[in-house]
Amino acid sequence: MDAEPWEDRKAMTEMLHTPVIAWFDAHARDLPWRRPEAGPWGVMVSEFMLQQTPVNRVLPVYEEWLSRWPRPADLAKEAPGEAVRAWGRLGYPRRALRLHGAAVAITERHGGDVPTDHGQLLALPGIGEYTAAAVASFAYGQRHPVLDTNVRRVFARAVTGVQYPPNATTAAERRLARELLPESESTAARWAAASMELGALVCTAKNEGCGRCPIAAQCAWRLAGKPEHAGPPRRGQTYAGTDRQVRGKLLAVLREAHTPVPQGVLDRVWHEPVQRARALDGLVTDGLVEPLPGGLYRLPLS
Ligand code: SF4
């Protein structure tokens, strides 16, 4: 398909924004962080958890987290190790430390309220470009390009005409996301949520549900006959046997323990000593585990 229609703003609204937002209005999942009572803190917590973790695994941890720490100041009062413990098996647990660090900064610098200003959000520790834009957009209805993996895939297919986006976000994708952003602030915020939901529910990585897609008629990749991915191999998500798996097993023992754990107990989680030591060292370096004298370990207290 000729790319020109997308460059015309009126055509873009008619062909892309209106159908995707209408689809979202009819099909969006009722998720707790989308309800008004979630507030900006609920949105922020969900955004940390949802990066790299599916919704169904996030839901129970999110609910527990928000009932235990309904405001940033509640979390900030706790030791960072409590955040790691409550993170449970969501994976990539450095996110728990970063969320704790953000809660401390929000409490110290912003009186306990998640800042509304995009620049102030971005200045919080542990908050990158994506999370700042997502919180500003979903919590405060602002106009920002929100580029997660789902949105990137929808744009790659519908607009650029390729099966998958590049492995890492490129300047061209950022530019495209800015170009595709609706003019009006409230429409832009709806568009961000709607395009993300379309990627999560219809235009997924494994299957594209073109038969129920609101923009199938104008999707560049579909109209081109769905040419196969020609870029570099896509990164796999292997887990078994990796250091990530060993780190997960070590942390699971420490999460369960409420007193320091001897090295010998940790040694039982993995048979291979070199990999086990490397995984434990990595956890200590990342601040997720605190070594104590006498070969004892615990989740971090500060
Ligand atoms: S038509 Fe198919 S490939 Fe194109 S955006 Fe919709 S679901 Fe994805």
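In table form, for the structure just shown:
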| item | result |
| --- | --- |
| Neighbour cut-off at most 14 other Cβ (10 Å), DSSP loop, trypsin sites (Lys or Arg not before Pro), the range 220-261 | R234, R235 |
| Rounded FRET efficiency, nearest 0.05, which uses the C-beta distance separating D25 from K226 and R0 of 30 Å | 0.60 |
| GNM flexibility winner over the chain from K206, K226, K77 (Cα, springs under 10 Å) | K206 |
| Cα gyration tensor shape for the range 191-231, rounded if a/c is under 1.5, else prolate or oblate | prolate |
| Helix 18-27 vs. the chain, principal-axis angle (Cα, 0 to 90°, nearest 10) | 50 degrees |
| Alpha carbon centroid spacing (whole Å) that separates the range 187-253 from the range 41-103 | 23 Å |
| Choice from P182, P70, P233 with maximal GNM fluctuation in the chain (Cα, 10 Å cutoff) | P233 |
| Chymotrypsin sites (Phe, Trp or Tyr not before Pro) restricted to DSSP loop in the range 196-302 with at most 13 other C-beta within 10 Å | Y239 |
| The chain - Kirkwood radius from inverse mean 1/r over Cα pairs (Å) | 21.1 Å |
| Solvent-accessible heavy-atom area per residue, rounded to whole Å², over the chain at 1.4 Å | 49 Å² |
| Global form of the range 243-298, assessed from the alpha-carbon gyration tensor, a/c cut-off 1.5 | rounded |
| Accessible-area composition of the chain, carbon plus sulfur, in percent [1.4 Å probe] | 53 percent |
| DSSP-loop GluC sites (Glu not before Pro) across the range 113-197, with at most 12 other Cβ within 10 angstrom | E183 |
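The values are calculated or read from the model by the stated rules, or taken from the named source; none is laboratory data. Note that the structure is a prediction, hence the values are computed from the model and not measured. Virtual Cβ from ideal backbone geometry, glycine too; neighbours counted across all protein chains shown. Accessible surface areas use protein heavy atoms only, side chains included; no ligands, DNA or RNA. Shrake-Rupley method; radii C 1.70, N 1.55, O 1.52, S 1.80 Å.
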